[in-house]
Amino acid sequence: MIDVHCHLNFHAFEKDYEKVINSAYDAGVTKIINVGTKIDSSQKAVELARNYENLFAIVGVHPHHADKIESGWEAELEKLAKDTKVVGIGECGMDYYRYKSNDIVDPKVQKEIFIKQIELAYKLKLPLQIHNRHAGKDILDIIINHKSYLSDPPGMFHCMSGDIDFLKKVLDLGFYVGFDGNITYKGIAPGENTELKDLVKYAPLDRIVTETDSPFLTPQPKRGSRNMPENVIIIGRFIAQINGLTLGQVEEQTTKNAHNVFKL
């Protein structure tokens with residue numbers, strides 16, 4: 001299995017990231033993509049990737065940080081993105097969810113930073129890893145208006161959510177979709193109207209990639225503990241269960257998909 005989105009560069013792993021990485025490899029995870037959310041965490045993702053053969057990096061500015069970046073960030077991000085271990089730009093996008101630790105960033109600012117990252121991905125011929133929460137319409141409008149900037153394939157939507165219509169439009173634009181440990185949770189998430197299991201059923205297997213978002217979104221039955229890249233196998237098993245497939249089938253196809261998107 002491949003974990004195409006985790007945050008080993010976050011504080012939750014600073015004391016034992018080497019142990020966590022090796023544990024994932026021992027469990028059968030073949031490659032891990034570590035994702036930045038601002039300049040410093042993107043730098044850390046690149047530094048970690050340089051030290052491990054099967055660890056890669058994605059660099060970018062998360063919409064939560066779109067109003068907190070300093071001047072010159074674009075040049076810094078471009079420099080990071082040119083590293084040979086960087087396989088994409090992200091996680092970038094739009095987020096209209098109000099978190100306890102962070103209010104909603106001005107949508108105009110989010111849009112501006114998102115577009116600049118789309119332009120950088122185009123310049124460097126890298127795929128996008130897109131973050132969307134409750135902002136699907138605006139994200140689609142931006143992508144459609146910048147369709148000529150998209151690579152082939154254009155990238156993926158991280159932690160896919162929304163309804164079937166939104167998923168269909170994402171797929172029609174050529175994007176792959178990532179599913180995380182929250183597909184194992186019961187019920188519908190706040191602000192959503194569709195169970196994630198229904199999205200998993202609708203998405204064709206040849207467009208799905210697996211991810212953990214570690215240290216967040218720990219799958220059942222481990223929910224409540226720190227999530228780790230090795231748990232991507234639990235997510236793969238759950239995708240297989242939902243679609244009446246074997247874990248081997250899911251592993252083979254999602255691994256191929258990750259290679260297609262990120263040229264691993």
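Just so it is clear, none of the values below were taken in a lab; they were calculated from the coordinates. These numbers come from a predicted model, not from an experiment. No Cβ is skipped: glycine too gets one built from the backbone with ideal geometry, and neighbour counts run over all protein chains shown.
The table below lists the values:
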quantity	calculated
Matching residues in region 160-187 - criterion: being free of Cβ contacts under 8 Å to residues at least 40 places away in the same chain and of a type in the set (Phe, Trp, Tyr)	Phe166, Tyr185
Test for Ile144: is it surrounded by fewer than 17 Cβ atoms within 10 Å (Cβ to Cβ), under 23 Å from Asn193 (Cβ atoms) and of a type in the set (Val, Ile, Thr)	yes
Where a residue in region 129-153 is free of Cβ contacts under 8 Å to residues at least 40 places away in the same chain and under 21 Å from Leu264 (Cα atoms) and its partner, wherever it lies, is among the charged types (D, E, K, R) and loosely packed, with under 12 Cβ neighbours inside 10 Å, with Cβ under 7 Å and at least six apart	Ser151/Lys125
Gly178 assigned to a strand (DSSP E or B) and within 20 Å of Gly60 (Cβ to Cβ)	yes
Residue ID - surrounded by the fewest Cβ atoms within 10 Å (Cβ to Cβ), chosen from residues in region 17-35 that are touching a strand residue (DSSP E or B) at 6+ places or on another chain (Cβ under 7 Å) and touching a residue at least 40 places away in the same chain (Cβ under 8 Å)	Thr30
Residues located in region 215-264, provided they are in contact (Cβ under 8 Å) with a residue 60 or more places away in the chain, over 18 Å from Cys159 (Cβ atoms) and among the β-branched types (Val, Ile, Thr)	Thr255
Exclusive hit being among the hydrophobic types (A, V, I, L, M, F, W, C) and either loosely packed, with under 15 Cβ neighbours inside 10 Å or under 17 Å from Asp3 (Cα atoms) (or both), set Leu247, Leu199	Leu247
Residue within region 47-66 that is among the acidic types (Asp, Glu), in contact with a helix residue (DSSP H, G or I) (Cβ under 6 Å, 6 or more places away or on another chain) and part of a loop (DSSP other than H, G, I, E, B) present	no
Condition broken by Gly72, with the remaining ones in (1) of a type in the set (Gly, Ala, Ser); (2) farther than 17 Å from Cys6 by Cα; (3) surrounded by 15 or more Cβ atoms within 10 Å (Cβ to Cβ) satisfied	(3)
Count of residues meeting criterion [under 19 Å from Phe216 (Cβ atoms), outside any helix (DSSP H, G or I) and aliphatic (A, V, I, L, M)] in region 181-203	2
